[in-house]
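Input: a single structure, listed below in structure tokens.
The values are calculated or read from the model by the stated rules, or taken from the named source; none is laboratory data. Keep in mind that what you see is a predicted model, and the values were worked out from it rather than measured. All Cβ positions, even for glycine, are placed from backbone atoms using ideal geometry, and neighbour counts span all protein chains on display. Calculation scope for accessible area: heavy atoms of the full protein, side chains included, ligands and nucleic acids excluded. Shrake-Rupley method; radii C 1.70, N 1.55, O 1.52, S 1.80 Å.
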Amino acid sequence: QVQLVESGGGLVQPGGSLRLSCAASGSIFSINLIGWYRQAPEKQRELVATLTSGGWINYADSVKGRFTISGDNAKNTVYLQMNSLKPEDTAVYYCSADIQTGRLTPTFSYWGQGTQVTVSS
């Protein structure tokens, strides 16, 4: 089985910083893509940032210059460093990864449980 465990969410003031972590564990042969998504109340889930196995990174326009995604291959962990946070960043943040569980198996998408980020004074 594959599990994605997220941590690092919480309450922060506008302009503050927060770092989210997502650790993948279980039967993992390879991770092809991993990233962060968020969903605010009464809004659709949206892409925040993604990282491919080849090292390519994509950010949503709303977070460019403020958020940084990075990974630690040895730990199967991805991070999201969030700086200059704004109230509109308030949402539940989810980690998602496209993972192969075996050499001859196809790729499936897995999701974490989500972690709440609240930006408020």
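Sequentially through region 57-62, phi angles give Karplus couplings (6.51, -1.76, 1.60; θ = phi - 60°) of 10, 10, 10, 5, 4, 5 Hz, Gly and Pro residues having no value and appearing as x. Among the trypsin sites (Lys or Arg not before Pro) within region 9-90, those in coil by DSSP and having at most 15 neighbouring Cβ atoms inside 10 Å are LYS43, ARG45, LYS64, ARG66. ASN32 label point, 7 Å along Cα→Cβ, cut-off 16 Å on backbone N: hits in region 89-121? Backbone N within reach: 96-111.
Counting only lysines at least 8 places from LYS64 when in the same chain, those with an alpha carbon closer than 24 Å to its own are LYS43, LYS86. Computed over protein heavy atoms with a 1.4 angstrom probe, the accessible surface ordering of TRP56, TRP111, largest first, is TRP56, TRP111.
A Cα-only calculation for region 1-93 places Rg and Dmax at 13.4, 40 Å. For region 1-52, chymotrypsin sites (Phe, Trp or Tyr not before Pro) meeting the loop criterion (DSSP other than H, G, I, E, B) and having at most 16 other Cβ atoms within 10 Å: PHE29.
The phi torsions of region 5-19, fed into the Karplus equation with coefficients 6.51, -1.76 and 1.60 and a -60° offset, translate into couplings of 10, 9, 7, x, x, x, 9, 9, 6, x, x, x, 10, 8, 10 Hz, rounded to whole numbers, with Gly and Pro shown as x.
Where is the GNM fluctuation largest for the chain (alpha-carbon springs, 10 angstrom cutoff): LEU11, LEU104, LEU85? Top of the fluctuation ranking is LEU104.
Taking amide H atoms as placed 1.01 Å from N in the peptide plane, the amide H of VAL2 lies under 5 Å from those of SER27, each 5 or more residues away in sequence or on another chain.
Rg of the Cα atoms in region 39-121, relative to 2.2 N^0.38 Å, amounts to 1.21. A full extension of the chain between GLN13 and GLN39 corresponds to an added length of 7.4 nm, given 0.36 nm per residue minus the alpha carbon distance.
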